[in-house]
Structures are given as C-alpha cells and as structure tokens.
2 protein chains.
Amino acid sequence: MARETLSLYDTTLRDGAQTHGVDFSLEDKLLIAEQLDRLGLDYVEAGYPGANPIDTELFSKDREVGTKVTAFGMTKRPGRSISNDPGFQALLAAEADAICLVGKTWDFHVDVALGITLEENLAGIKESVEAVVASGREALLDCEHFFDGYKANAPYALECAKTAYDAGARWVVLCDTNGGTLPEEVEAIVADVVANIPGDHVGIHVHNDTDNGVANSLAAVRAGARQIQGTLNGVGERCGNANLTSIIPTLLLKSGYADRFETNISPEKLSTLTHASRVLDEMLNQAPDRHAPYVGEAAFAHKGGIHVSAVKKDPRTYEHVPPESVGNVRKLLVSNQGGRSNILAQLESIGLTVSKDDPRVGRLVELVKEREAVGYAYEAAEASFELLARRMLETVPQFFDIDSFRVMVERRHNALGELVTISEATVKARVDGNSVMSVGEGNGPINALDNALRKDLGPYQSYIDDLKLVDYKVRILTGGTDAVTRVLVESRDGEGRRWFTVGVSPNIVDASFEALLDSINYKLIRDGAPAPS
Amino acid sequence: MARETLSLYDTTLRDGAQTHGVDFSLEDKLLIAEQLDRLGLDYVEAGYPGANPIDTELFSKDREVGTKVTAFGMTKRPGRSISNDPGFQALLAAEADAICLVGKTWDFHVDVALGITLEENLAGIKESVEAVVASGREALLDCEHFFDGYKANAPYALECAKTAYDAGARWVVLCDTNGGTLPEEVEAIVADVVANIPGDHVGIHVHNDTDNGVANSLAAVRAGARQIQGTLNGVGERCGNANLTSIIPTLLLKSGYADRFETNISPEKLSTLTHASRVLDEMLNQAPDRHAPYVGEAAFAHKGGIHVSAVKKDPRTYEHVPPESVGNVRKLLVSNQGGRSNILAQLESIGLTVSKDDPRVGRLVELVKEREAVGYAYEAAEASFELLARRMLETVPQFFDIDSFRVMVERRHNALGELVTISEATVKARVDGNSVMSVGEGNGPINALDNALRKDLGPYQSYIDDLKLVDYKVRILTGGTDAVTRVLVESRDGEGRRWFTVGVSPNIVDASFEALLDSINYKLIRDGAPAPS
C-alpha cells in the first residue's frame, strides 16, 4: 500500500524566536535555515517581513534552498482594504515561496481582541487568503486558538477553517495557541475537521503547556492531519512549541508511523538530527538538555551493571531505537567504545582516511573525551576538531609561534573631561625565523588582541587578509571545582565560508586567544599555506 | 456521580536517583520526602533498603508521615528460597508501609537476562508477592518491560500481571521500561489488562524516551489504570520518568480528569507545586527549567503588546489555567515588542505604583525602546529594568561613584619557563566622600575587575559580602554598522535569591562593568542600604 505523505513545517525562526531571551541575528537565522534545509524540512517559516529590520532584510533577497521559505503575518486589518494595509503589503512584497497568515477562529477573541463581527472576521480571512493566492504564492492559514474556539463555538471555528480552504489555502493549520488542549481532545476535534476539509490540507500547530506537545501533534496525525508545525528542540514562548526534534524520529522510526507515512527526511538526513539540535543550542548560547528524547547526551546512557551487560548482549533490551539512527551515540559508563564510530565518521566527513584499527584513532577518542570533560565543545567547533585530528594523524606545519601577549583596558576621563575606554594589545610572535612584535587597538580587549595578532604574520599575511570574526560567544562552565570559560568564535572568509573554533580556559582572554589561533591555523591549512622554510 | 479515586506514587527518591549525577544524601531524601508528603502524594518510594547505607538507614526508623513510605527491591533470586535470599530479607526487614517489587514480564528478558524458564519466573513472582503480603505490608509489582513484553508475547505478559494480582498484590504496575511505547499503544494494551485485572489495582510507570511520558500516563488512566507512578520534574535516567509536576495539575485542573477523578491533593496542596519543583532543583544544584509546563518561570510569561493587552483584559485569552493554581505567577515581559501596557504591568509587579497617565511612563517606554535598539535586553535582565524604572520614578541614592579603572592581562613565560597568564585590575572610586583605590586579581579580566570593585565599598561592604556572580553570558550583536557586546550577569545572594543585569558596549570590559554595577546597586536598593551621608 502506498504510504501517505506528511509535510513538516519548522517555525523555530518565527514562533521559536518569541521565546524569552531568544534574539536571533540575521547571521543566526541564515545559519539555522541552512541546518533545517539540510535536515529536509518542507517549510521554514523565517520571520515577519516588514515587522523589524532583520526579517525585512532576510526576505529581501532570493535564496537557493530546497525548503519552502515562508513569511508570516496577520490577515488584513479589519476595516481596511488589502491595498490600504501596509503590513499586508510588506508581506506580499517579501521574497517568499509561501505566506502563512494568522487569523482568529475563536468567537470570544473576535469579540474581545478584535472587536468586530463574526462575519467581518470571515470576510477578512477570505480576502486575505485570496490575495496571497493571487500573488502567486502558496497560502497557509494558522487558525489561532482553533481548539478553544471549537470548544466554545464549533460551527464558527469550522466555518473559519472552511473559508480559508475554499479561498484556496494550501494548508489550514489548527493551532492550540494557549497549549491547554489534551491529546484525546485534539484527536476528536481534528477528526471532525477532516470530515469537512481533506486531511492533506489540514495542519497542526501546538504548544507544550501541558507537556503534551508531541502527543498532541501525533494525535492530530492519527486523526488525519497531514502537516505538522513545530520547532527544533521545542523552543518557543512559555513552555515551547511542539518539539520537532522528538516528533521527527518517532515518525521515521516507530511502528504505526514509519510504516504508514513518508516525509522528505531520508535516514541519512535523520542522522544529522542530533547535530542540528546541538547547533541551535550553541546559537542560543545555552547548554543542551542532557535528557532530551532521542538527541540528549543521556538519551542512550546506561549505567554500569545489569543494564550495561544486557545492552551489550542485545541493545534492544534497554533501547527503543538505535542511537545512531538520529546521529546520537550510546554511552556505556564502563566503556569508551561509544565515541569511536562517531569519530571515525567525522574523520571521513572531513576527508581524513584512516583504518578503523589505527591505534591513533583510539588516542584521538581519548583526547577528545579528556578535552570535552574540561569544557571543549567539538560538536559546535568542527574547525578546532579538524585541527586536533590533523595534528594527530598527519604533519601540520607550525606556521608561527607566540612568545607572549599583553592586553590593557583603561577607562578614564580624557583631557576634555569625557569618559573614554581604551583597549590596546601587544603580541610577540616568531614567524619564519623572525621575531615580530605587533601592537593593536580595538573596541575591546579581544578585538585589540585579534588586531595585533593579525597585523603582521609575514609570509602568511596574505592568507588571512580576508578572514573576519563574525561572532563570538562566551559561556561560563561550572563543571568542576573551578569555573572555566568557553569561547566559541565564528569566522568567515572572502568566499563566504564559515567555520567555528573553540577555546577553554579559566581566563576569557586566554580562551579567546586559543580560539583565534585555531581559526587562523585552520584557514592556513585549508588554503594550503606552505610550511615555514 | 461519585468520582473515581486516582492513586499518585512518587519515585523521585528511587528511580529518579538513577539519574547520572544525582546523589541524594540522607538529609536530601528526608527533605524531599517531606515536600512530597505535604503535596499529598499517596506513596513515596524512598529507596532500596539493604542496597546502600543511606537507604538502609532511611528505612531503619519509623516516620510520622501521611504518605505510604515504600521500599523497592527485586523479586526473589531464581533458584533460591525467600528465606535464603539476603536481598529479599533486607527488604522485609525495612520499616516500610509498602514494598514494591520489580519482576520480569518480557519473555525475551526472562530468557536473555535471567536465563530461567517462563514458569520459574511466574513462580518467583507468586512467592515474592505472597511473602510481602504475609509480612503484613502492602505489596506492589512493577512489571518491568510490560509493554515490550506484551507486544512480543501478550498471553505471557498478562499471565505475569495476573499472577501478581492473584497472589495479593495491591497494585500491579505496568512499566514502559525502555520508554519507547506510544500513547495509542499504551491505551490499547492497558485496556486489555483492565479486562483481566480490576483497574483500581492497575498502575502505570513510564519513561519519557519519545517525549510522551505525560501523554502515556494519561492514556493509561483513560484506559482504566488507577495509579500513576512518576517523579517530580520528570527526573530519571536517560530522558527521565513521567513528570508528575505536569501530570498532577492536569488531573486536578483540566476537564475530562478534574470532573471524573479525585486524588489526595487539595487545591491548597496543588498551590505548593511550583515551590516543591524548585526545591528539588535546589537539592540537585541545577537551574530550574524556565520552560517547564505549569511551574516554569516562563510558563505564564507573555511577550508582545497584543498578547499582554489581551491577557490584561481577560487572562483566558492566552492562559489555559490560572498561574496561581499551581503556585506560579504571571510574567508580563518588557521587550521592544511591547508597549505601554507591558511596562505598566511590569511596574506593578515590582511594586512601583504609578498612574497610567503619568508622563514619566511614556518617557520610560521611550527609554526602554531606545536602549533595546542599541542592544540592551530588559526582558532577560529584570534587575536592570527595575533600576532604570526606579531611577526615573523615584529617588535612587548614588551610593558610590567610579572615577576610573584599568585592567591588564598578560601572558608570558615566568622565571621557571612556564607559560602563565596574569589578570589584574585597579578601580578608583568615591564612597561616602572618601576616595578609595582598590586592586584585584582574578582568573580573567572581568573577575579581576569584579574583585577590585567589591574589595572596599566602605559602609556598603556588608551588603554585598554574600553577593556571588553565578553566570555570565556574552553575545556580539551585529545589528548596526558597529558590533556591540551584550553581557548578561546572573547574581545570587546568601538567601538564594537570583537576579539578572545587563550591560552593553562595544567594549566587553565596559559592558561587563556596567552589568556588575547594576547588580551591586540592585542589591543595595533591595536590601535598603541608606543613602550616603
């Protein structure tokens, strides 16, 4: 029997960005969109064009991605025509493959929040969807508060949904905006909707306020909905959105779903899930949830004794799916075999071929473990991992040496009585046999140090002229008795290539310097700079 | 119609303690048991008597609590009699109201892990349960891997459960040990069990490996099970146990449960839930999950002008239950998405009463907008917002002034040829008319500056002695033409209170200094430090 198609819609960059403390830059959004595209999501809802400068810029240019980039906005303002609604016009002007509108479907909200009649609201939905369709874009309607609306006035909520469908909406998305609906309610209500609108035009968008975000999404699919909206790691306001990081592997791996449905996510793509989840956490500058289903560091961790020996006999004794299917690894706390296959896969992906029995692989596994135990995060800093691996497996030139550095920051009143802060750094290096001393200023100590370091690297200078520090993230880790600082540096070159490096030290300047050095060395190696003569 | 009774069983102290890194002392266990008793749990599974000194001591004395203190252990060892099994004897010797035994019900495990016949396993269950009943204690059987067992060999799994029930077990508890079963499967399988064993003798114990721990527990109740086992905050190995902190309010507050069932938890007890959840986090020395359903700090947080003004009109517009029902509070966030109504609500919540027409409110709204446009993030730094607001609305003492500071970081080889990095800072301040110059060292420039700043604040020193820098986060914002650095500082005092402050500058040291100053000033104001004489 042919399997039915499920559509997956990510709103990390829009609804996820509503989260307390989340504040994506344009660079963040582009990088996350790239991860989502690679993972195989059908739609990426990227923001609100017209609402803020970042989203407007994001939607100002065309992109070459497989996923449908979707703009989000409101149905037209009551009492105005489409042509006279600047917000709606900004939406229509966006470079987007699809436009998702949010409209009201709960009579109480139409009355209390909008203050218009139920008929006016229906007309607004109809005109808005028709305008999107007329613009040549795919239209979606997010039915805000659909479930609360259905419980209060089912015929009206259904009429709103049906109006959008009749007006040409590709997807009518049922939203549990307040997140309070329970799975059995979702299942019954979606079943009623699907009796009125074909299920392959019905989507589900839920929040996690009762800890049932995943279950509610699955209940809707069982009842006939064929699009699921959610976010990576379940980020989102209040208690988060439906967690796609949990939903996707369930759909692809578990009986009752894997045998009934197909998605755009291949097994290979699924195995990038853990990585995508961790990258998002790094962008948000937050520690990954160790206990996250499927992708958490502890999701396949087994304690010593009975569990470990049973798992070694047969993993199915204590594992419901194989960890490698989602790109995660088993952790047996008595064994170090967990990391080896992972490291081998990583070496292969950066083009370093090595026999799996090579003893250096075992030493590399140990080294990565030791360094991660003190705070390094190679998952998020692949350039630093690559340097570490190349130094163990091949001969990497020592392009230059640093003898010493000094950084000074001073805040004082200048001769005019103005408060000024000055940052200055000096670096003493040996390059190609010559001693070089450089001084740099900057808008802060790290910037000054970076400027001094890159001022004169002799024959290597031309290789790093186009190197740019794009982002810089700092975390304080309090793993052991002493707090250490982890610095992640994102660099970019003139060709638009990006890479991440990591440094760890109790001293933020040392940690930053280490990450900066890794970044320069990575660039020199990748561009084939020659060894010193 | 009379409501049916649901029994609630907490295993935070036993299954929750299996979590990697969790290590409860006897005092921890007693304190958590007290919280659970106060909350109204029917059973508290407190540990494995005989397995370790803490649990043995815990079960060595009688306690005066309402909850049934339950000891956990294995069914008797295969090939031995009860009287000849020291582990089982330790269990029987425990001062416990009930004894919960774990037994195997998956034929594959009986074969692979125990290596005995299916009949021997049934006999072991029967004898073990009978021995507990004969000792005068209430007996429970945790049916390990019941759902996987049922899928592999339903008649055998059912026979195991039935054997325990026939032998006198008060509760036969169906465990999803690997956590991979989905809600629709749980519902169907529990329904079949309840056709064989009365539902008021059937319990459910699930893990969260597919993010359906809560949904699976509720599905079992819908199918007829009448005891739910889980843990506070969902702690537990791998992805955790069923989260009682989410399940309990759903049972008590939501339609379909609140109207059908009764538990031992009164509305007054329910309002201690948020507190109990936070206390457990404190015992585990971990930051509470901001996004936890019902009890998280963000669970009732509203961002954005439209949401905030609707919530103020009627909280039901964006809240599925009242926050105070679980002892939580509503949070109206200050952010560039919100306007005047947001700020007014925020002022009210920090106890600053001001007329909504006061022109200073308009100026504060503008100021917050201007500062957020250059990078400040007041929604994540409420203490900095409070300072800003108080400075505009009341007279805030200028406790001290900073004239200048200087920070130096130097990396060099010391006399022994070792590479060392030294950080040193000097701060020149005026406190209470006196000029004070302090010097501090640290493991980095910010730490050195913090140490220098807090070395001698004259009459204010005693107010800040217990102030501790807990976390420190840095972001580079590339919004405009120049990159600026945002620093968020989390502080804590001796009473466990935490607050966040923010600083923004192109210079990380300046930004950090600003956030540190805000933190100190916030503490001085909150603790009522007097203005300088």
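The values are calculated or read from the model by the stated rules, or taken from the named source; none is laboratory data. Everything quoted here is computed from the prediction, not taken from an experiment. Here Cβ is always computed from backbone atoms with ideal geometry, including for glycine, and neighbour counts include all displayed protein chains.
What the table shows:
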item: Residues that are more than 21 Å from B:Tyr48 (Cα to Cα), under 35 Å from the mean Cα position of the chain (by Cα) and among the charged types (D, E, K, R), drawn from segment B:118-154; result: B:Asp148, B:Lys151
item: Residue count, segment A:231-244 (criterion: within 9 Å of chain B (Cβ to nearest Cβ) and free of Cβ contacts under 8 Å to residues at least 60 places away in the same chain); result: 3
item: Filter result for the condition that a residue is away from chain A (no Cβ under 14 Å) and either touching a residue at least 24 places away in the same chain (Cβ under 8 Å) or over 23 Å from B:Val311 (Cα atoms) (or both), over B:Ala373, B:Ala381, B:Ala345; result: B:Ala345
item: Only listed residue being modelled with pLDDT of 80 or more, of a type outside the set (Ser, Thr, Tyr) and assigned to a loop (DSSP other than H, G, I, E, B), chosen from B:Val365, B:Val361, B:Val334, B:Val321; result: B:Val321
item: Members of segment B:23-38 that are free of Cβ contacts under 8 Å to residues at least 40 places away in the same chain and of a type in the set (Asp, Glu); result: B:Asp23, B:Glu27, B:Glu34, B:Asp37
item: Residues that are within 17 Å of A:Gly444 (Cβ to Cβ), in contact with a helix residue (DSSP H, G or I) (Cβ under 9 Å, 6 or more places away or on another chain) and either assigned to a loop (DSSP other than H, G, I, E, B) or at pLDDT below 90 (or both), drawn from segment B:481-507; result: B:Ala483, B:Val484, B:Thr485, B:Arg486, B:Val487, B:Leu488, B:Val489, B:Pro506, B:Asn507
item: Neighbours by Cβ (under 6 Å, 6+ apart or cross-chain): first from segment A:39-57, within 21 Å of A:Asn233 (Cα to Cα); second assigned to a loop (DSSP other than H, G, I, E, B) and among the hydrophobic types (A, V, I, L, M, F, W, C); result: A:Gly40/A:Ile265; A:Ala46/A:Leu13; A:Gly47/A:Leu13
item: Members of segment B:341-355 that are modelled with pLDDT of 75 or more and either outside the structural domain of B:Ala310 (by TED's automatic domain parsing) or in contact with a Lys or Arg (Cβ under 8 Å, 6 or more places away or on another chain) (or both); result: B:Leu344, B:Ala345, B:Ser349, B:Leu352, B:Val354
item: Among the candidates B:Ile265, B:Ile247, B:Ile228, residue that is away from every other protein chain (no Cβ under 11 Å), within 22 Å of A:His320 (Cβ to Cβ) and not aromatic (Phe, Trp, Tyr); result: B:Ile228
item: Hey, A:Lys61 part of a loop (DSSP other than H, G, I, E, B) and buried (at least 23 other Cβ atoms within 10 Å of the Cβ) or not; result: no
item: One residue from A:Gly375, A:Gly433 being surrounded by fewer than 19 Cβ atoms within 10 Å (Cβ to Cβ) and on the phi > 0 side of the Ramachandran plot; result: A:Gly433
item: Selected residue [farther than 25 Å from A:Leu477 by Cα and surrounded by fewer than 17 Cβ atoms within 10 Å (Cβ to Cβ)] from A:Arg390, A:Arg363; result: A:Arg363
item: Positions within segment B:436-454 being within 21 Å of B:Glu410 (Cβ to Cβ), surrounded by fewer than 22 Cβ atoms within 10 Å (Cβ to Cβ) and touching a residue at least 24 places away in the same chain (Cβ under 8 Å), in sequence order; result: B:Asn451
item: Exclusive hit being buried (at least 16 other Cβ atoms within 10 Å of the Cβ) and within 14 Å of another protein chain (Cβ to nearest Cβ), set B:Tyr48, B:Tyr43; result: B:Tyr48
item: Hits in segment A:429-486 - residues which are farther than 28 Å from A:Ser533 by Cβ and among the β-branched types (Val, Ile, Thr); result: A:Ile446, A:Val470, A:Val474, A:Ile476, A:Thr478, A:Thr481, A:Val484, A:Thr485
item: Verdict on B:Gly79 being on the phi > 0 side of the Ramachandran plot, surrounded by fewer than 24 Cβ atoms within 10 Å (Cβ to Cβ), in a loop (DSSP other than H, G, I, E, B) and out of contact with any helix residue (DSSP H, G or I) (no Cβ under 6 Å at 6 or more places or on another chain); result: yes
item: Segment B:277-298 - residue that is in a helix (DSSP H, G or I) and more than 13 Å from B:Gly234 (Cα to Cα) and, of those, farthest from the other protein chains (Cβ to nearest Cβ); result: B:Val279
item: Filter result for B:Ala90 (closer than 23 Å to B:Tyr43 by Cα, at pLDDT below 95 and either buried (at least 18 other Cβ atoms within 10 Å of the Cβ) or in contact with a strand residue (DSSP E or B) (Cβ under 8 Å, 6 or more places away or on another chain) (or both)); result: yes
item: Count of residues meeting criterion [crowded, with 20+ Cβ neighbours inside 10 Å, closer than 18 Å to A:Asp62 by Cα and within 12 Å of another protein chain (Cβ to nearest Cβ)] in segment A:10-27; result: 0
item: Residue within segment B:204-216 that is away from chain A (no Cβ under 13 Å), among the hydrophobic types (A, V, I, L, M, F, W, C) and without any contact (Cβ under 8 Å) to a residue 40 or more places away in the chain present; result: yes
item: Elements of type strands (runs of 3 or more DSSP E) contained in segment A:91-188, each with 2 or more residues being within 14 Å of chain B (Cβ to nearest Cβ) and in contact (Cβ under 8 Å) with a residue 12 or more places away in the chain; result: A:98-104, A:171-176
item: Those residues of segment A:395-435 which are farther than 21 Å from B:Ala415 by Cα, among the acidic types (Asp, Glu) and within 9 Å of another protein chain (Cβ to nearest Cβ), in sequence order; result: A:Glu410
item: Exclusive hit being at pLDDT 90 or above and touching a helix residue (DSSP H, G or I) at 6+ places or on another chain (Cβ under 6 Å), set B:Gly296, B:Gly236, B:Gly256; result: B:Gly236
item: Those residues of segment A:189-202 which are assigned to a helix (DSSP H, G or I) and out of contact with any strand residue (DSSP E or B) (no Cβ under 8 Å at 6 or more places or on another chain), in sequence order; result: A:Ala191, A:Asp192, A:Gly199
item: Residue identified as among the basic types (Lys, Arg), under 25 Å from A:Arg278 (Cα atoms) and more than 16 Å from the chain's Cα centre (by Cα) among A:Arg238, A:Arg226; result: A:Arg238
item: Failed item, numbered, when B:Arg222 is tested on (1) crowded, with 24+ Cβ neighbours inside 10 Å; (2) within 11 Å of another protein chain (Cβ to nearest Cβ); result: (1)
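One line per residue, one yes/no per condition, for (1) outside any helix (DSSP H, G or I); (2) over 30 Å from A:Glu57 (Cβ atoms):
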residue: B:Ile446; (1), (2): no, yes
residue: B:Ser462; (1), (2): no, yes
residue: B:Asp471; (1), (2): yes, yes
residue: B:Val474; (1), (2): yes, no
residue: B:Ala515; (1), (2): no, no
residue: B:Asn521; (1), (2): no, yes
residue: B:Ala529; (1), (2): yes, yes
